[in-house]
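The values are calculated or read from the model by the stated rules, or taken from the named source; none is laboratory data. As the structure is a computational prediction, the values presented were derived from the model and not from experiment. Every residue, glycine among them, receives a Cβ derived from its backbone with ideal geometry; neighbour counts consider all protein chains shown. Surface areas here come from the heavy atoms of the whole protein model, side chains and all, with no ligands, DNA or RNA. Shrake-Rupley method; radii C 1.70, N 1.55, O 1.52, S 1.80 Å.
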Amino acid sequence: MLLHTIHQAQRIRLPECRTCSPLDQPPRCLPLPERYRISQRCAAANHGARRFDVSASIEKSIQHRNVIAACGPMERRLRMRTGEPRVDFRASRDQRDHGSCAVWKMSGPVSCHMQQRSRHPLAVIRVGILLLLVARPVIVCAADVTAKVIDRLGRPVANAVIDIHWLKSVSKDDVRKIDLVKLVSDRDGIVKGTYDEASVPKDEDIWVEVSKTGYSGYSTTGLRPEFVLDREFGAADVRRIAGLEGETQINQFRELLAGDFENSGSGLDELVFVQEHRFRSGLRALVSNPKVGKAAGQILAFIGVPDDLLLFLDHVPAPKRELFEDRWAYGVVCALLEPATEREWTFLRNCAVNDYDDLWVDAGAIRTLKLIASPKSKQVLEEVGRKNKDRAASIEAAIKYIESVPAPLSDEDIVVAGRKVAQVIKIGKWQGNKPPQYNEKKDKALVACEFIAGRDLLVHTATFHKVDGNWRLRGVRETMQALLAREPETDAKQRRLAPVADLRSAKKTMKVPGLRSGYDEVGGIVYFGRMLDKIRLKARGALPADYNTGTKEWYDFDSRCTRFLKVKYGALKERTLRSGSDLQILRWCFRNGRKPSKEEIEIWNTFMKKRGWRDGSSEGLAADKRAAGLAARSDIVTWFDLFDADEQRPNA
């Protein structure tokens, strides 16, 4: 590259755009390779220099940076007054890399017009690293960001924060957040900005954290044109909306159904059921809404009024046959106990043959056909049996029940009616029913039937309506599933046969004070608290050396938990040791990783509680039991069981 001064006379015609070597002078330094070149707009030797451009087009062909460093502010376009020395960049387009990076410094300020204090040729400076002094920072490889933030109803969300960053691994267990840019959405939900794409290593993901006060924030990898934020609602909002009327109530209920409801003891279905007479008209108005219609229909099915179900069936969407996308059909099909139209029978039949590709849906439909116990339901079951071979056993049992001509599942006493239903749907061992939960008018009730099947605690909730003095069943569905630490029968037998020494050991303190059981939950998520305990104990030197921490192996529980929440273990460790309650740290995970849905949490909890029981890790569990001297303990069937027994946890 060469900067050389030339005196030229002023001419009127515009200079010709070309790449040249002025006056065919020999270069005074290594020629500029193609990827360093700058397209030049210059005059011929006998024309006055009007200007030269360093245009945006050069970014397409450079791999390294050649910069003109100026003593004053530098703009994109540099101009020269007529008659003053001209600057030429000398390089041909076919030259190759010689390993040098030429940098030129102009002795005067560079602005809209360029002045040169000295008429001596400028010196050539070759450097490996250049500190460019300019008035403001320049992003060399700017990546544009344009996105829109909306809510679940498709409306723009203003003042939402889009935090774009990447996570840098400082050490094996330490990860730092490297900020790229933080943007705020405008009144139309639009965010625009740029970040330095070159500052992100090519193998690292770009993370985007989306947040706004009053909304459920989350983090995700990769930029996208649209981000969706859900408003947060709770029990207080249900009570508030119950006091509204007409369109105001409908609009507010639509907001709630499109948001994220925080379950603080009672679910949304139960809260609405208590005041169902205040909500039903609004729910009926919303079943046709493409955004919240399915959610409205599920609540109506839980309430169980036949006319409401018939209305919803006019608006049911076609099966999507994707994971969890059609789970709404389970609640609806479990409430169709009095089908009166061909449309209702068709829906039952389609669900029973598993058109929705959801094992909950076809199981619910087969049980409903059994509870209907009519010639029509038997006929449908026989048709279903020819198509759904996977449910042959349950279909056969349902047909036998119908052929036994069972008594009606109704009674003047709600407790007796609930007991009848529990005996018919019996799963494993019935543990009894909870007291009925009534609506405000006392003409509808919910009865929770509890069962234990193996180590599963199952709760099925039945809806009853009082009709002509009798409590009549309007629907029954599974509403809770939990994994017990051990089977009750096995536990009792184990205690009867246990040696005295074992019984005494149950009264000892835990082997590792301050370390929770894997079964303990934080925010409804098992194991998370135990992982935090291990981080804290290890930092204090109080965790035994043989305990696994971190993400060395993909199958370690810490690895599984951090993948589930999509956070880096090092970042979680740093946040845990900084201070804060378990719930605060969990909310941090939701913001910096992701907030799993209730369905995903249920799947996670079930998987973790049963890990080691008849799966790929059972052999490893048996080996660790032998190593811990617990091989004779037949009640230890999962890893969580082993943790509790090995740590001498009470009742383990």
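Hey, can you tell me all the residues within the range 409-431 that are in contact with a helix residue (DSSP H, G or I) (Cβ under 9 Å, 6 or more places away or on another chain) and either touching a residue at least 60 places away in the same chain (Cβ under 8 Å) or β-branched (Val, Ile, Thr) (or both)? Selection gives Leu409, Ser410, Asp411, Val421, Val424, Ile425.
Got a sec? Which of Glu226, Glu197, Glu204 is closer than 25 Å to Ala258 by Cβ and not aliphatic (A, V, I, L, M)? Within the list Glu226, Glu197, Glu204, the selection yields Glu226.
Once the range 605-620 is narrowed to residues that are within 10 Å of Thr638 (Cα to Cα) and of a type in the set (S, T, N, Q), the residue that is most open to solvent (accessible area, probe 1.4 Å) is Ser618. Mind checking which strands (runs of 3 or more DSSP E) fall wholly inside the range 156-242 and carry at least 3 residues that are of a type outside the set (Gly, Ala, Ser) and within 18 Å of Lys566 (Cβ to Cβ)? In the range 156-242, the matching strands (runs of 3 or more DSSP E) lie at 161-171, 174-184, 207-211, 218-221, 226-233.
For the range 557-568, name all the residues that are open to solvent by less than 30 Å² (accessible area, probe 1.4 Å) and not hydrophobic (A, V, I, L, M, F, W, C). Don't jump to the end; show me each part of the working.
Step one: list which residues in the range 557-568 are open to solvent by less than 30 Å² (accessible area, probe 1.4 Å), which gives 557-559, 561-562, 564-565, 567.
Scanning the range 557-568 gives Asp558, Ser559, Thr562.
In the condition set (1) under 18 Å from Glu599 (Cβ atoms); (2) aliphatic (A, V, I, L, M); (3) touching a Leu at 6+ places or on another chain (Cβ under 8 Å); (4) open to solvent by 30 Å² or more (accessible area, probe 1.4 Å), Val332 is compliant with all but (4). Checking Ala627, Ala571, Ala632, Ala623 one by one, the residue that is open to solvent by less than 70 Å² (accessible area, probe 1.4 Å) and over 26 Å from Lys177 (Cα atoms) is Ala623 and no other.
When the range 414-461 is examined, which residues are found to be in a helix (DSSP H, G or I), out of contact with any Lys or Arg (no Cβ under 9 Å at 6 or more places or on another chain) and among the β-branched types (Val, Ile, Thr)? Of everything in the range 414-461, those that are in a helix (DSSP H, G or I), out of contact with any Lys or Arg (no Cβ under 9 Å at 6 or more places or on another chain) and among the β-branched types (Val, Ile, Thr) turn out to be Val415, Val416, Val421. For the residues Glu647, Glu602, the requirement of being in contact with a Lys or Arg (Cβ under 6 Å, 6 or more places away or on another chain) and either in contact (Cβ under 8 Å) with a residue 24 or more places away in the chain or buried (at least 18 other Cβ atoms within 10 Å of the Cβ) (or both) singles out Glu647.
Against the condition buried (at least 18 other Cβ atoms within 10 Å of the Cβ) and not charged (D, E, K, R), how does Trp554 come out, does it pass? Criteria not met by Trp554. Test of understanding: among Gly267, Gly297, Gly259, Gly234, which residue is among the small types (Gly, Ala, Ser), at pLDDT 95 or above and open to solvent by less than 50 Å² (accessible area, probe 1.4 Å)? Sole residue among the options that is among the small types (Gly, Ala, Ser), at pLDDT 95 or above and open to solvent by less than 50 Å² (accessible area, probe 1.4 Å): Gly297.
Being of a type in the set (Lys, Arg), surrounded by fewer than 21 Cβ atoms within 10 Å (Cβ to Cβ), in contact with a Ser or Thr (Cβ under 7 Å, 6 or more places away or on another chain) and under 22 Å from Leu532 (Cα atoms) is true for just one of Arg594, Arg587. Which residue is that? Testing whether each residue is of a type in the set (Lys, Arg), surrounded by fewer than 21 Cβ atoms within 10 Å (Cβ to Cβ), in contact with a Ser or Thr (Cβ under 7 Å, 6 or more places away or on another chain) and under 22 Å from Leu532 (Cα atoms) leaves just Arg594. For the range 622-643, filtered to residues that are part of a helix (DSSP H, G or I) and at pLDDT below 90, the residue that is farthest from Gly570 (Cα to Cα) is Arg626. With a requirement of 1 or more residues that are modelled with pLDDT of 90 or more, in contact with a Lys or Arg (Cβ under 6 Å, 6 or more places away or on another chain) and closer than 29 Å to Ile206 by Cα, the helices (runs of 4 or more DSSP H) lying completely within the range 527-580 that satisfy it span 528-539. Within the range 542-569, residues that are within 14 Å of Ile525 (Cβ to Cβ) have Cβ atoms under 8 Å from residues that are assigned to a loop (DSSP other than H, G, I, E, B) and hydroxyl-bearing (Ser, Thr, Tyr) in these pairs: Phe557/Tyr527; Asp558/Thr549; Asp558/Thr551; Cys561/Tyr527; Thr562/Thr551, counting only partners at least 6 apart in sequence or on another chain. In the range 352-374, which residues are surrounded by 18 or more Cβ atoms within 10 Å (Cβ to Cβ) and within 29 Å of the chain's Cα centre (by Cα)? If the condition is that a residue be surrounded by 18 or more Cβ atoms within 10 Å (Cβ to Cβ) and within 29 Å of the chain's Cα centre (by Cα), then Asn354, Asp355, Tyr356, Asp358, Trp360, Val361, Asp362, Ala363, Gly364 are the ones that fit. Annotation note: of Gly246, Gly217, the sole residue that is open to solvent by less than 60 Å² (accessible area, probe 1.4 Å) and under 21 Å from the mean Cα position of the chain (by Cα) is Gly217. Within the range 142-161, residues that are on the phi > 0 side of the Ramachandran plot sit with their Cβ atoms under 7 Å from residues that are hydroxyl-bearing (Ser, Thr, Tyr) and open to solvent by less than 20 Å² (accessible area, probe 1.4 Å), at 6+ positions apart or across chains, in these pairs: Asn159/Ser185. List every residue pair whose Cβ atoms lie under 6 Å apart, where the two residues are 6 or more positions apart in sequence or sit on different chains, the first residue falls within the range 441-454 and is under 14 Å from Asp269 (Cα atoms), and the second residue, located anywhere, is outside any strand (DSSP E or B). As it stands, the answer is Ala445/Ile414; Ala445/Pro436; Val447/Gly418; Val447/Pro436; Ala448/Lys434, since those pairs meet every condition given. Lys148 meets all of the listed conditions (1) of a type outside the set (A, V, I, L, M, F, W, C); (2) assigned to a strand (DSSP E or B); (3) in contact with a helix residue (DSSP H, G or I) (Cβ under 6 Å, 6 or more places away or on another chain) but one, namely (3). If you go through the range 431-443 and keep only what is over 29 Å from Phe279 (Cβ atoms) and either out of contact with any strand residue (DSSP E or B) (no Cβ under 7 Å at 6 or more places or on another chain) or open to solvent by less than 70 Å² (accessible area, probe 1.4 Å) (or both), you end up with just Gly432.
Of all residues in the range 387-401, exactly one satisfies the criterion of being free of Cβ contacts under 8 Å to residues at least 12 places away in the same chain, surrounded by 10 or more Cβ atoms within 10 Å (Cβ to Cβ) and more than 14 Å from Leu371 (Cα to Cα), namely Ala392.
Residue by residue through the range 402-413, note down the ones that are assigned to a helix (DSSP H, G or I) and surrounded by 15 or more Cβ atoms within 10 Å (Cβ to Cβ).
Residues of the range 402-413 assigned to a helix (DSSP H, G or I): 402-403.
Hit for the range 402-413 is Ile402, nothing else.
Counted as qualifying within the range 273-365 are the helices (runs of 4 or more DSSP H) with 1 or more residues that are among the acidic types (Asp, Glu), namely 276-286, 306-313, 342-352. Being open to solvent by 40 Å² or more (accessible area, probe 1.4 Å), part of a loop (DSSP other than H, G, I, E, B), among the polar types (S, T, N, Q) and modelled with pLDDT of 85 or more is the filter here, so list the residues in the range 464-521 that pass it. Matches in the range 464-521: none.
Each residue in the range 145-159 was checked for being more than 16 Å from Gly259 (Cα to Cα) and within 19 Å of the chain's Cα centre (by Cα), and 2 pass.
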